[in-house]
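Bear in mind these aren't lab numbers, they're just calculated from the coordinates by the rules spelled out. Quick caveat: nothing in here was measured; it's all calculated off a predicted structure. Ideal geometry is used to build each Cβ from the backbone, glycine not excepted, and the neighbour counts take in all protein chains shown.
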Amino acid sequence: MFKRLMTAGLLFGMLAAAPPAHAANCALRADVVERLESKYSEALTAGGLQGNKNIQTMVEVWASEKTGTFTVILTNAQGVSCIVATGTDFFKREAPIVPDGVKS
């Protein structure tokens with residue numbers, strides 16, 4: 001559990017500290033989603049909000065088990081999404097089943 005929280009914290013921390021994406025990597029969210037679905041067969045895998053209550057962006061991870069690709073996008077309140085990371089060899093780690101505590 002700690003490793004999962006640490007990984008998520010590092011991922012979202014890096015995204016929060018990342019410089020803004022170039023305008024060429026940004027478009028309306030609907031256009032970005034359509035391209036991810038049609039060209040890369042990616043689907044929304046994970047997401048969340050980052051920022052404070054005044055300024056928030058939505059972070060989404062899109063991935064395809066079929067192609068092995070993944071894309072991380074940030075979407076602002078105006079509906080503009082920017083691609084901040086892409087990659088290959090995507091894998092999903094299922095949460096381990098932890099049995100209830102053992103009586104001592």
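Name the shape class, rounded, prolate or oblate, that the alpha-carbon gyration tensor gives for the stretch 46-104, where a ≥ b ≥ c are the square roots of its eigenvalues, rounded holds for a/c under 1.5, and otherwise prolate holds if a/b is larger than b/c and oblate otherwise. Don't skip to the answer; put the middle values down first.
Values: a/c = 4.62, a/b = 1.47, b/c = 3.14.
Oblate, because a/c is 1.5 or more while a/b does not exceed b/c.
Going through the stretch 26-60, which trypsin sites (Lys or Arg not before Pro) have at most 11 other Cβ atoms within 10 Å and a DSSP loop state?
Values: sites: ARG29, ARG35, LYS39, LYS53; in loops: LYS53.
Answer in residue order: LYS53.
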